[in-house]
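**Q** Sharing a structure with you now.
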Amino acid sequence: MELSKLFVTLLLLQSLIPSHSSSIQAAPTNSNLFREYIGAEFNNIIHQYNLDGIDIDYEHFKADPDTFAECIGQLITTLKRNGVISFASIAPFDDDQVQSHYQALWKKYGHLIDYVNFQFYAYDQGTTVSQFMNYFKIQSSNYNGGKVLVSFISDGSGGLAPNDGFFTACNRLKSQKQLHGIFVWSADDSKANGFRYEKQSQALLAIHH
């Protein structure tokens, strides 16, 4: 199975090292300081767990968008240049503050970001297929040129649920050659049903049209 067939989030930046938000705030004029400090920590973590990518999942910000973009962008640049990671993704959702920060990052460093794990499950529960397709179109425009991954939440608490049309939407996108991968949250909830929807996702992505 190719990596792009089913993307699995490898590293949640904020949850592993929660103090980094303060680090970004403290380095508004020196992204090199942030890059060197955080890069060293990530180098150790990535090698310890044999990872090959990171997922940027900041959701609460103390720094302005430009500072965030420069610090995270320089971090990704350094990790890729040094061969520490082979890919990077970001995980925004539809919130004004969140979007302003991630789109600033995308504008300057989008060429280094391999996947946009957009949190479509952050939309209202009961999202319809047509609404989902429209949301996908909007976010693909916001992250123009990027591989925007569709997503669902395992417990069905938000967005378009797997048993309510999610895979119908996926089939439509696949027929349009716009299905770049499927992002699932979360393994803890999926385990209870034997990873049923992950398996369904893999089967769908493996089909060649």
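The values are calculated or read from the model by the stated rules, or taken from the named source; none is laboratory data. Here the structure is a predicted model, which is why all the values come from computation and not from measurement. Here the Cβ is made from the backbone with ideal geometry for all residues, glycine too, and neighbour counts use every protein chain on show. Each accessible area value is taken on the protein alone, full model and side chains, heavy atoms only, with ligands, DNA and RNA left out. Shrake-Rupley method; radii C 1.70, N 1.55, O 1.52, S 1.80 Å.
**Q** Based on what the data block shows, is residue 138 β-branched (Val, Ile, Thr), without any contact (Cβ under 8 Å) to a residue 40 or more places away in the chain and open to solvent by 70 Å² or more (accessible area, probe 1.4 Å)?
**A** Values: β-branched (Val, Ile, Thr): yes; without any contact (Cβ under 8 Å) to a residue 40 or more places away in the chain: yes; open to solvent by 70 Å² or more (accessible area, probe 1.4 Å): yes.
So residue 138 passes the test.
Let's see how each residue does on (1) farther than 24 Å from residue 138 by Cβ; (2) at pLDDT 90 or above; (3) assigned to a loop (DSSP other than H, G, I, E, B):
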residue: 14; (1), (2), (3): yes, no, no
residue: 29; (1), (2), (3): yes, no, yes
residue: 41; (1), (2), (3): yes, no, no
residue: 47; (1), (2), (3): yes, no, no
residue: 58; (1), (2), (3): no, yes, yes
residue: 62; (1), (2), (3): yes, no, yes
residue: 84; (1), (2), (3): yes, no, yes
residue: 88; (1), (2), (3): no, yes, no
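**Q** Hey, another quick one. Part of a helix (DSSP H, G or I) and modelled with pLDDT of 90 or more - does that describe any residue in the range 111-119?
**A** Initially, the range 111-119 is screened for residues part of a helix (DSSP H, G or I), giving 111-112.
From what's left, modelled with pLDDT of 90 or more: 111-112.
The answer is yes; a qualifying residue exists.
**Q** Take the range 143-158 and flag every residue that is surrounded by 17 or more Cβ atoms within 10 Å (Cβ to Cβ) and among the polar types (S, T, N, Q).
**A** Taking the range 143-158 as the starting set, the residues that turn out to be surrounded by 17 or more Cβ atoms within 10 Å (Cβ to Cβ) are 143, 146-154, 156, 158.
Across the range 143-158, the qualifying residues are 151, 154.
**Q** For residues that are within 20 Å of residue 114 (Cα to Cα) and either touching a residue at least 12 places away in the same chain (Cβ under 8 Å) or surrounded by 15 or more Cβ atoms within 10 Å (Cβ to Cβ) (or both), tally how many sit in the range 39-60.
**A** Kept after step one, since they are within 20 Å of residue 114 (Cα to Cα), are these residues of the range 39-60: 39, 42-43, 46, 50-59.
After this cut, where a residue has to be either touching a residue at least 12 places away in the same chain (Cβ under 8 Å) or surrounded by 15 or more Cβ atoms within 10 Å (Cβ to Cβ) (or both) as well, the list is 39, 42-43, 46, 51-59.
So the count comes out to 13.
**Q** Turning to a different aspect of this structure: If I ask for residues that are in a helix (DSSP H, G or I) and aliphatic (A, V, I, L, M), which ones from the range 131-173 would you list?
**A** To start, the set of residues in the range 131-173 that are in a helix (DSSP H, G or I) comprises 131-142, 162-164, 166-173.
Correct list: 133, 138, 169, 173.
**Q** Among the residues of the range 169-202, count how many are closer than 24 Å to residue 135 by Cα and out of contact with any Phe, Trp or Tyr (no Cβ under 9 Å at 6 or more places or on another chain).
**A** 11
**Q** Does the range 194-209 contain at least one residue that is open to solvent by less than 20 Å² (accessible area, probe 1.4 Å), of a type in the set (A, V, I, L, M, F, W, C) and either free of Cβ contacts under 8 Å to residues at least 40 places away in the same chain or part of a helix (DSSP H, G or I) (or both)?
**A** Checking the range 194-209: at least one residue is open to solvent by less than 20 Å² (accessible area, probe 1.4 Å), of a type in the set (A, V, I, L, M, F, W, C) and either free of Cβ contacts under 8 Å to residues at least 40 places away in the same chain or part of a helix (DSSP H, G or I) (or both).
**Q** Could you identify the single residue in 147, 137, 177 that is farther than 26 Å from residue 53 by Cβ and at pLDDT 95 or above?
**A** Values: 147 fails: farther than 26 Å from residue 53 by Cβ; 177 fails: farther than 26 Å from residue 53 by Cβ.
It is 137.
**Q** Are any of the residues in the range 88-109 under 25 Å from residue 47 (Cα atoms) and acidic (Asp, Glu)? Write out each step before concluding.
**A** Narrowing the range 88-109 to residues under 25 Å from residue 47 (Cα atoms): 88-91, 109.
Next, from what is left, pick out any that are acidic (Asp, Glu): none.
No: the range 88-109 contains no residue that is under 25 Å from residue 47 (Cα atoms) and acidic (Asp, Glu).
**Q** Report, by residue number, each residue of the range 84-135 that is of a type in the set (D, E, K, R) and surrounded by 17 or more Cβ atoms within 10 Å (Cβ to Cβ). Break it down into steps so the answer makes sense when it comes.
**A** Applying the first criterion (of a type in the set (D, E, K, R)) to the range 84-135 yields 94-96, 107-108, 114, 124.
Listed by number, the list holds a single entry, 114.
**Q** Here are some conditions: (1) open to solvent by 70 Å² or more (accessible area, probe 1.4 Å); (2) assigned to a helix (DSSP H, G or I); (3) among the polar types (S, T, N, Q). Residue 190 meets all but one. Which one does it not meet?
**A** (1)
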